Amino acid sequence: MKRAARIGLALAALLACAPAFAIDPLPFKDAQQRERFQKLTSELRCLVCQNESLNDSNADLARDLRHEVFQLMQQGKSDAEIKQYLVARYSDFVLYDPPLKTSTLLLWFGPALVLAIGAAAVVLTVRRRAGSGPAEAPAAEEEW
């Protein structure tokens, strides 16, 4: 029984350390370059996770894209050029803040539209109920 407890404890310790093995260090020239990289990758969406940035994701594709962003930075590309390159490959979906254009109108104004429709439905329902007046009580039945 003690052996099973030790094995379980060892597995728990290994699982606790697993995120440390997932870190993929990159050889930044200085702290400024590392901060630029972190800011840029936090503005780009992981295409696998979709709710995480490239900076936060542990997916294989996110790791590959981080390396690609790093290589483009090493080549002297600006942040805008790097974003344009990724948008050309993966569409506007890769950006957390996509530009306002006809293909993204629903993305930008869809939540407000749904909220306005819901508010209109509530207002109409309240007006209908208020306009119909109080419900009449049913006439009391005569007892025999």
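Computed from the coordinates by the stated procedures, all read-outs in this text should not be read as laboratory data. All figures in this text were calculated on a predicted structure; none of them were measured in a lab. When we count neighbours, we look across all protein chains shown, and the Cβ atoms used for this are built from the backbone with ideal geometry, even at glycine.
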Rounded, prolate or oblate, given the Cα gyration tensor of the range 22-98, with a/c below 1.5 counting as rounded? oblate
The ³J(HN,Hα) series, computed from each phi in the range 93-104 with the Karplus coefficients 6.51, -1.76 and 1.60 at θ = phi - 60°, rounded to the nearest Hz and given as x for glycine or proline, is 4, 6, 8, 6, 10, x, x, 7, 8, 4, 6, 10
In sequence order, what are the phi-derived ³J(HN,Hα) couplings for the range 32-42 according to the Karplus relation 6.51 cos²θ - 1.76 cosθ + 1.60 with θ = phi - 60°, rounded to whole Hz, with x for glycine and proline? 5, 5, 5, 5, 4, 4, 5, 5, 5, 6, 7
What order, most packed first, do the peptides 107-116, 82-91 have when packing is the mean number of other Cβ atoms within 10 Å of each residue? 82-91, 107-116
Farthest positive-ward along the range 24-64 dipole, Cα basis, beta-carbon charges - from ALA31, LEU44, ALA59: ALA31
Would you mind checking which residues have amide H under 5 Å from CYS46's amide H? H placed 1.01 Å from N; only 5 or more apart, or other chain. GLU52, SER53, LEU54
Under 24 Å from LYS29, Cα to Cα: lysines that are on another chain or at least 8 residues apart: LYS39, LYS77, LYS83
Note, ³J(HN,Hα) from phi for the range 118-128, Karplus 6.51, -1.76, 1.60, rounded to Hz, x at Gly and Pro: x, 5, 5, 5, 5, 4, 4, 5, 5, 5, 4
